[in-house]
Amino acid sequence: MAGGARRLYRRILQLHRALPPALRDLGDRYVKEEFRRHRAAGPAEAQRFLREWENYAALIQQQIEDTQNLRGKAVYGAQLTEEKLNDFRDEQIGQLKELMDEATKPNKKITISKDSEYKT
């Protein structure tokens, strides 16, 4: 993962600037950790990793634009499908749980909507 990964990494951090502060902080920490963790990934894993983060960046960009255009209330992220969850390794499920726990701490001002729709 070289130049393309670096550009994607910077793009995601730039997109996060438009998020609410608590969500931005959480997102930035998670992105930095994940990109660091996948530095030495093999070609197939790196390709899948980058594709998923490109999808994330496109989703967040669309949600930011929707919010800025006042086409709806601020809703960020998406529900994971059962199919995607079944593709996760145990380690990834643990990371997802840690992320959810962090995002739903009582003092955080982040709302995770269980009924939000996945936008493609």
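Where a number appears in this text, it was derived from the coordinates with a stated rule and is not lab data. These figures come from a predicted structure and were not determined experimentally. Using ideal geometry, Cβ is built from the backbone for each residue, glycine included, and neighbour counts are taken over all protein chains shown.
If packing is taken as the average count of other Cβ atoms within 10 Å, what order do 84-94, 11-21, 44-54 fall into, highest mean first?
11-21, 44-54, 84-94
If all Cα-Cα distances of region 20-59 are sorted into 10 Å bins from 0 onward, what percent lands in each bin, rounded to whole numbers?
So the P(r) values, bin by bin, are 27, 51, 20, 2.
Kirkwood Rh, region 1-86, all Cα pairs: how many Å?
After inverting the mean inverse Cα-Cα distance, the result is 13.9 Å.
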